[in-house]
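The values are calculated or read from the model by the stated rules, or taken from the named source; none is laboratory data. Not measured: the values here are computed from a predicted model. Cβ sites come from the backbone with ideal geometry, for glycine too, and all protein chains shown count toward neighbours.
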Amino acid sequence: MRYRHADPDELEWRPLPWGEAPKARLMPTVEGHLDAVRRACYDDVLHRIGGSRPVRVVIYLRAADGLDTGFWDRTLDRLATEHGWVVSEQRFTDVGGGFFPEFERACQYTRQGRADGILTIRRATVPLDDQAYVDRLERLREQTTFVAFLRQVDPTHPGGSSW
């Protein structure tokens with residue numbers, strides 16, 4: 001998780017009995033908090049599925065800023081398959097703008113029980129503000145569904161790491 005130094009106004013200061021001033025504390029960044037919520041949902045869903053059956057996933061991409069959707073579709077498919085997951089033939093790709101019907105369709109697809117998770121490149125791909133994102137993760141978690149990203153990926157440069 002990423003941290004930032006806490007603003008003193010955010011902390012509840014209590015005088016220490018020996019008279020020292022409290023030291024600055026580290027607080028999670030917004031991105032760190034959102035990643036922790038997503039990881040908790042991801043871990044919970046995978047734990048519920050256990051080894052009882054293969055994990056089924058669907059790929060969601062948002063084509064923006066010249067993103068090579070073909071490359072990233074193949075990359076996500078390959079990495080998920082190497083991870084032992086079954087990748088749906090159904091793909092969801094939004095072309096940008098302020099309306100993201102394919103993301104909503106991907107969520108609906110998982111809610112219908114056709115997949116256990118939605119794979120995408122990174123947080124910026126998910127078209128929701130922070131609170132709506134947390135709410136969506138919690139609803140998906142209740143339905144035993146997760147969202148997974150490639151971690152530490154710059155989509156303008158090929159490569160990637162684990163979920």
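Of the residues ARG48, ARG56, which is modelled with pLDDT of 85 or more, of a type outside the set (Gly, Ala, Ser), within 23 Å of THR144 (Cα to Cα) and loosely packed, with under 15 Cβ neighbours inside 10 Å?
ARG48
Under 9 Å by Cβ, and 6 or more places apart or on different chains, what pairs join a residue from the stretch 32-43 that is touching a residue at least 40 places away in the same chain (Cβ under 8 Å) with one that is buried (at least 18 other Cβ atoms within 10 Å of the Cβ) and among the polar types (S, T, N, Q)?
Pairs found: CYS41/THR145.
Counting only residues that are in contact with an Asp or Glu (Cβ under 9 Å, 6 or more places away or on another chain) and among the aromatic types (Phe, Trp, Tyr), how many does the stretch 45-91 have?
Final tally of qualifying residues: 2.
Is it true that LEU128 is part of a loop (DSSP other than H, G, I, E, B) and under 14 Å from the mean Cα position of the chain (by Cα)?
yes
Just a yes or no: is a residue in the stretch 28-44 part of a loop (DSSP other than H, G, I, E, B), surrounded by 13 or more Cβ atoms within 10 Å (Cβ to Cβ) and under 16 Å from the mean Cα position of the chain (by Cα)?
So far as the stretch 28-44 goes, yes, one or more of its residues are part of a loop (DSSP other than H, G, I, E, B), surrounded by 13 or more Cβ atoms within 10 Å (Cβ to Cβ) and under 16 Å from the mean Cα position of the chain (by Cα).
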